[in-house]
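What follows is a set of notes on a single structure, which appears directly below.
Here, each number is a calculation from the coordinates, and none is a lab measurement. Bear in mind that the values here come from a model prediction, so they are computed numbers and not experimental data. Cβ placement follows ideal geometry from the backbone for every residue including glycine, while neighbour counts extend to all protein chains displayed.
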Amino acid sequence: MCKLNLNCQVQDSTCTCASQIHSKGFRPCQNYLDTYGILPKPIFPEEQSQSPIFQLIAQQMKAIKILTERSAQTTEKLIQLTQIVDRLANNQQTPEAVSPCLHSSESVTTSEDLLTAICGPHQDFDFFIQLVNEIPNPAYKERAFQVVAQIVDAEGNKVTLPNMVSFNIMLFTTESPTKSLKVNTSGDKIMRGTTEVEATSELVFRKVVIKEVTSHFRNGCIFMAICPKQNSRIKPLIINNVVVKARKLCPNAGAVKKLKTEEDNI
């Protein structure tokens, strides 16, 4: 008698029940057969893949995988942003989108390198610019100072040019290659006041205001240059190690402000 199918009428072992079941990829459980006398309905792979529960589980697994990948990407970006904020807090780096200077180079620019960048390799000067007064060191952000200079010959004697020449004050970074500083970290012009004069002998920049601290730049200092416009006979004056700090507050500023407030309330 066939042990695989109770409805099988064949009395010996010549029935084909076993081969039919095995051909469908299902092997019967003998314990289940002995217990219930019938075979469980086989579940084939194509039927399993069409099951609504199986499809739901597959969709959830796919969604979890996508969320995991996005979470990893977000974590990586947060780590990068944290590193940038730490460097900014230590005044080690300023984002390029905000500041014109990045500490991306280990080499520095010398005054000779800057002169070559301004004038080119051919330098044959007849006249020179000489400072008359010392600029404040350090200067303070948003606080005006005066720059006075004069034109001299090779022997240091003051001369008068036959025609008016325009002169500009310019700022440059000390990194290599150097960069001209035109805007500050807020996107405003880095200088205001008297930054251009016309002269034949004496140059007086009556009110120069720098609107950025130099701690944002390499080595904590910058170059200041007085450059003639369209006159290659005059050598630009380059001032090294210009330092600009935050405005120095008056020690009694708080007391004066408090006194004014009390007087207003009387």
> Taking a threshold of 24 Å on the Cα-Cα distance, which of the pairs 179/229; 141/179; 77/141 fall above it?
Replying inline: 77/141
> Say each of residue 201 and residue 123 gets a label point 7 Å from the Cα, pointing the same way as Cα to Cβ; how far apart are those two points in nm?
Replying inline: 2.8 nm
>> Could you compute the net charge surrounding residue 206? Neighbours are other residues with a C-beta less than 13 Å from the C-beta of residue 206; K and R count +1, D and E count -1.
In response: 0
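Using r as the Cβ-Cβ distance of residue 69 and residue 192, and R0 as 45 Å, what FRET efficiency do you calculate, to the nearest 0.05?
Efficiency at R0 = 45 Å is approximately 0.35.
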> What does the range 111-245 give for Rg and for Dmax, in Å, if only its C-alpha atoms count?
Replying inline: 14.6, 44
>> Would any residue of the range 197-220 have its amide N under 17 Å from a label point 7 Å out along Cα→Cβ of residue 180? List them or say none.
In response: 197
> Given the Cα-Cα distance of residue 219 and residue 166 and 0.36 nm per residue of separation, how much length would full extension add, in nm?
Replying inline: 16.0 nm
> Name the residues of the range 154-170 whose amide N is less than 15 Å from a point 7 angstrom out from the Cα of residue 130 along the C-beta direction?
Replying inline: 154-161
